[in-house]
1. Provide the packing ranking of 272-278, 354-360, i.e. peptides ordered by the mean count of other C-beta atoms within 10 Å per residue, highest first.
2. When Lys and Arg each count +1 and Asp and Glu each count -1, what net charge do the other residues less than 15 Å away from Lys135, Cβ to Cβ, add up to?
3. Could you tally the net charge around Glu332, taking each other residue with its Cβ under 13 Å from the Cβ of Glu332, Lys/Arg +1 and Asp/Glu -1?
4. Check cross-link reach from Lys263 to the lysines: straight Cα distance under 23 Å, and skip same-chain residues fewer than eight apart.
Amino acid sequence: MKRILISIVALFIAFTISHIPPAQTQGPEQQLPKPEDFPPANPGCRNKGKLSPIVLTPEVEFPKTFTCELHITFCGNVRKFRSNVRNAGTGMCSDYWAAHDALLNLDVCCDGVEVVRDPKCDNKGACDAVAKMQKLIAEYDASSKLIGSFREFMNKFDPLLQDLSEALACRFNQNDVPDEAEALKAVLGQLLRHRNSFKTLNDTSRYPSLSTCVSRSLNEPVPAAEVNACADLDTLNRIKSTLNGLCPKASKTTPKPSSRDCKELSNGLLDGLTTLFDKLDDAKWKNLIGSGDAYDQVADGIDGGIKELESAAKEIEGTGGTGAQQYKDIQEKLGKLKKLLDVWKKMKAASCLPPEIEELLRRLAQEKRTGSEYKATCTELCGATADWYVEISGLAPQRGTFFKVCTLSCF
C-alpha cells in the first residue's frame, strides 16, 4: 500500500511539473530586430539589397504550445530569432509578425557585409524542397479538412519554404548568378507574398478547399462571409501553380509522329511567347487578342507587332537621314515577325503543343485581359514550355535560359 501511495504521489508531481505554463520556466525573450538595426541603402551605397523575412511557428506540443521564429535573409546571410515556448492562441506570434511587416522588402546596403557561408546555389536542394511542398499540398488536398488543419498545414509548409529560400542563397550574388537562380529569385518573391497574404489563417481555420468556399462549389454568388475563404483558396491555387513550374519534370505527353517538324519549329517558341506577353501588357492590344485556341492567340500577338511596325514604317518612309536607317531596321524586324507568324501557323497545323500548355496560354490571356493575378500562371506556363522545349529539342542545358527569359518577360 505504501508503494502504491508513493507511486501516486510521484505521478502527481510529474503531472504538475509538466503542466507548468512555459513562460514560468524560461528566460527573457530574445529582442527582435528593428529597421534601424540594418544599414540603410543610402545613395552612396554600391551594393544594395532587400530584407526577406519569414515567420515560422514550429510546434512543441501540438496543438497546445509552439515557438515563434523569424528568419531574415540579409545580403546572403540568414539571421534567425526564436521565442520561448508559447501557449497557442490568437496573437501568439503578433510581435514576430510586427517585426516581419516592418522589415519586409526593406532596402539595405550590403557594402562591407561579410557573407558567413559561400552563397552557392543548391538547385537539387531547391527542387527537393519544391517536391516536398507539392507532396504536402497533395496530401492536404486529399484529406478531410478538420478544424485547425490550416495552421497544421502551414506549420509543415513554412520550414520547406525556408529550405527553398536557403537553397537559393546564390540569388544574392551580384555576379555569376545561374539563369535558373535569376528567374527563381522573382518566383520566390511571389511565393513569399502569397504565403503572407492568407486571410483566414488562425488556430481553428480549416485548410482551404471548395468545402470552405461552399457557394463557389455550387456555382452561386459568393456571400461576404465566404469572401476570405475563397480568397485563400485562390491563393493556395496560385502557390500550387507556381510550384508546378519551378523545376524540370518529364512531359506527360507522348511525342507525336509530327515531332520532327515540331523540333524544327521549336526555335520560334520562345520568340512567339515573348511577343504575346508584350502585346498582352499593352492596353491597346490586349483586348484585341482573340479568345480562340492558344496558337491563334499567339498569332494575334505577333500580328499586332507586325501592324505596329508597319504603321511606324509608313510614318518615316522617305524621310532620309536617320529615318532611313530606322526604316531599314523596322523592315528587318518586320521580316522576322512575319517568319515567326508562319512558324506558329505551322506549329498549329502539326499540333505541336501539349494540351496543358494550350490551356495555360488561354488562362494567362484571360487573366491579363481581366486584370487578375497572373504571375503564378506565368511560372507554370514557362516551366511547362521549357520542359517541352527540352524534350523536343534535346537541349537540356537550355532549360534554365528558356525559363529565365520566359518568366521575366511574362512578369
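Please treat every number below as a calculation from the coordinates, not as lab data. Given the structure is predicted, the values throughout are model-derived calculations rather than measurements. Note: ideal-geometry Cβ built from the backbone for every residue, glycine included; neighbour counts use all protein chains shown.
1. On the way: 272-278: 21.4, 354-360: 17.6.
Sorting 272-278, 354-360 by mean packing, highest first, produces 272-278, 354-360.
2. Overall, the nearby charge balance is 0.
3. Details: positive: Lys328, Lys333, Lys336, Lys338, Lys339; negative: Asp329.
Result for the local shell: +4.
4. Output for Lys263: Lys249, Lys252, Lys336, Lys338, Lys339, Lys345, Lys346, Lys348, Lys404.
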